[in-house]
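Quick one: structure below, then a few questions.
The values are calculated or read from the model by the stated rules, or taken from the named source; none is laboratory data. These figures come from a predicted structure and were not determined experimentally. Neighbour counts run over all protein chains shown; Cβ positions are idealised from the backbone, glycine included. For the accessible areas, the whole protein counts, side chains as well, though only heavy atoms, and no ligand, DNA or RNA atoms are used. Shrake-Rupley method; radii C 1.70, N 1.55, O 1.52, S 1.80 Å.
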Amino acid sequence: MTDTRYLAPQTLDEAVSAFAAAQGAARILAGGTDLLVQMRAGIARPGLIVDIKKIGEMNRITENADGSFTIGAAVSAAALADHPRFGKVWPGVLEAVNLIGSKQVQGRASPGGNLCNGSPAGDSVPAMVAAGAVVTVQGPNGRRQMPVEAFPAGPGKTNLAPGEILVSFTLPARPAGSGDAYLRMIPRTEMDIAVVGCGVSLTMKDGVCTAARVGLGAVAPTVMLVEDAAKALIGSRLEPAAIEAAAAACRAACRPINDKRGTIAYRTKVAGVLLKRTVAIAAERASRS
């Protein structure tokens, strides 16, 4: 095996150029909490590591003039938790990001890396889907954007084109009366992989749900936007029948597998249970915003 080369570019253009020139033999290093483990296990053998942490745009958290947030792909979970405003606007996204590994891991791990791993069980992804996040990517052919739910292509796979790098997430401005939440079910109390993960974002006006998004993870080959669950909530006062209809939509959307952490039947049932609990938390937060 040839030695792995290391590059720490100062600009995004330089990073994209080097990454694309490697023709699939390079890996991006943000926090490295997955990549380094994969390399030690012999799963990943990159010819080139492109470290993006020295690129300013990749490390910034920006609250834009319109109230939206842009989060660089290399921003760590700990940095996001330390931001004075982000957790107040998007508490559900922050609590999902803060479930990535241990406190020590969160000092390095990034939501960008969590998304690029392509894991159906990545905790930050259903919350980002519920938030309506849009990702910006850059490659040899320039920049483009896509909704976060369009980014995963399957377990361990993404819809990045050859040579493209994830640059940032943009989360939209929050109308008054909005709240979000994320819950997961794990066999242990901490530091485990989600059996099911559910993110919900709601906007309420005069007791009526005017907007909703539901993200569901670990129950299909990719994290999903469950549009039928949102439709069941929108226009309702979140009465039991509407919430049960949304839970049923989540159960219907499930395409899980049997594994040692949960059966198909169990994951499907838990998806509906988590939807109900997550809606309740998001609605309570919306009432205070």
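Considering only the other residues whose Cβ falls under 12 Å of the Cβ of Ile55, what net charge follows from Lys and Arg at +1 and Asp and Glu at -1?
-1
Taking only complete DSSP H runs, can you tell me which helices of the chain stretch 27 Å or more along their own long axis by Cα positions and average at least 0.0 on the Kyte-Doolittle scale?
264-288
Enter the accessible area of Met146 (Å², nearest 10), with the probe set to 1.4 Å and all protein chains included.
Estimated to the nearest 10 Å², Met146 gives 20 Å².
Okay, moving on. Treating each Cα of the range 245-289 as an identical point scatterer and ignoring solvent, apply the Debye formula and state log10 I(q)/I(0) at q = 0.17, 0.18, 0.21, 0.30 Å⁻¹.
-0.53, -0.57, -0.68, -0.98
Net charge near Ala44, counting Lys/Arg +1 and Asp/Glu -1 over other residues with Cβ under 10 Å of its Cβ?
Result for the local shell: +2.
Which value, in debye to the nearest 20, gives the size of the charge dipole of the range 138-289 about its Cα centre, when Lys and Arg are +1 and Asp and Glu are -1 at the Cβ?
Dipole magnitude for the range 138-289 comes out near 140 debye.
Compute the signed sum of charges (Lys and Arg +1, Asp and Glu -1) over the other residues within less than 11 Å, Cβ to Cβ, of Pro256.
+4
Next question, about the same structure. Step through the residues of the range 29-42 one at a time and calculate ³J(HN,Hα) from phi using the Karplus curve (6.51 cos²θ - 1.76 cosθ + 1.60, θ = phi - 60°), rounding each to whole Hz and writing x for Gly and Pro.
10, 10, x, x, 5, 9, 4, 5, 5, 5, 5, 5, 7, x
Roughly how many Å² of Val208 are accessible to a 1.4 Å probe, to the nearest 10?
The accessible area comes out at roughly 40 Å².
For Val167, enumerate residues with amide H under 5 Å from its amide H, sequence gap 5+ or separate chain, H modeled in the peptide plane.
Thr136, Val137, Gln138
Rounded to the nearest 5, what is the percent of antiparallel bridges among the DSSP beta bridges in the chain?
Around 85 percent antiparallel, to the nearest 5.
With all protein chains present, how much of the accessible area of the range 17-145 (probe radius 1.4 Å) comes from carbon and sulfur, to the nearest whole percent?
Taking all protein chains in place, the range 17-145 shows 50 percent carbon and sulfur surface.
OK, next. Build a GNM of the chain with springs between Cα atoms under 10 Å: which of Ala247, Ala265, Ala127 gets the top mean-square fluctuation?
Ala265
Lys pairs in the chain, Cα-Cα under 29 Å, at least 8 apart or on separate chains: how many?
22
Once you compute Rg and the Kirkwood Rh from C-alpha atoms, what is the Rg to Rh ratio for the range 132-206?
Value, to two decimals: 1.07.
For Arg255, what residues show an amide H to amide H distance below 5 Å, using hydrogens built from the backbone and excluding near sequence neighbours?
Here the answer is Ala220, since their amide H atoms fall under 5 Å of that of Arg255.
Which value, in nm² and rounded to one decimal, describes the direction-averaged projected area of the C-alpha convex hull of the chain?
Answer in nm², one decimal: 14.9.
Please report the relative contact order for the range 118-172, taking Cα pairs under 8 Å with a sequence separation of at least 6, and give it as a percent rounded to a whole number.
45 percent
Still on this structure: What accessible area per residue, rounded to a whole number of Å², is obtained for the chain using a probe radius of 1.4 Å?
Heavy-atom SASA per residue in the chain reads 45 Å².
Can I ask one more? Please report the relative contact order for the range 177-276, taking Cα pairs under 8 Å with a sequence separation of at least 6, and give it as a percent rounded to a whole number.
Relative contact order comes out at 24 percent.
Return the carbon/sulfur percentage of the accessible area of the range 165-250, one whole number, probe 1.4 Å, all protein chains in place.
With neighbouring chains kept in place, the figure for the range 165-250 is 59 percent.
Now for a different question. Assign one of three labels to the range 1-108, namely rounded, prolate or oblate, based on the Cα gyration tensor with a ≥ b ≥ c the square roots of its eigenvalues; rounded applies when a/c is under 1.5, prolate when it is not and a/b is larger than b/c, and oblate otherwise.
Oblate.
Right, here's the next one. Ordering Arg174, Arg40 from largest to smallest accessible area (1.4 angstrom probe), what's the sequence?
Arg40, Arg174
Taking the Cα centroid of the range 203-231 and of the range 1-45, what is the distance between the two, rounded to the nearest whole Å?
Cα centroid of the range 203-231 versus Cα centroid of the range 1-45: 35 Å apart.
Helix-derived [θ] at 222 nm for the chain: sum -39500 (n - 2.57) over DSSP H runs of at least 4, divide by residue count, nearest 500?
-9500 deg cm²/dmol, from helical runs alone.
Percent relative contact order of the chain, based on C-alpha pairs within less than 8 angstrom and at least six residues apart?
So the answer I get is 16 percent.
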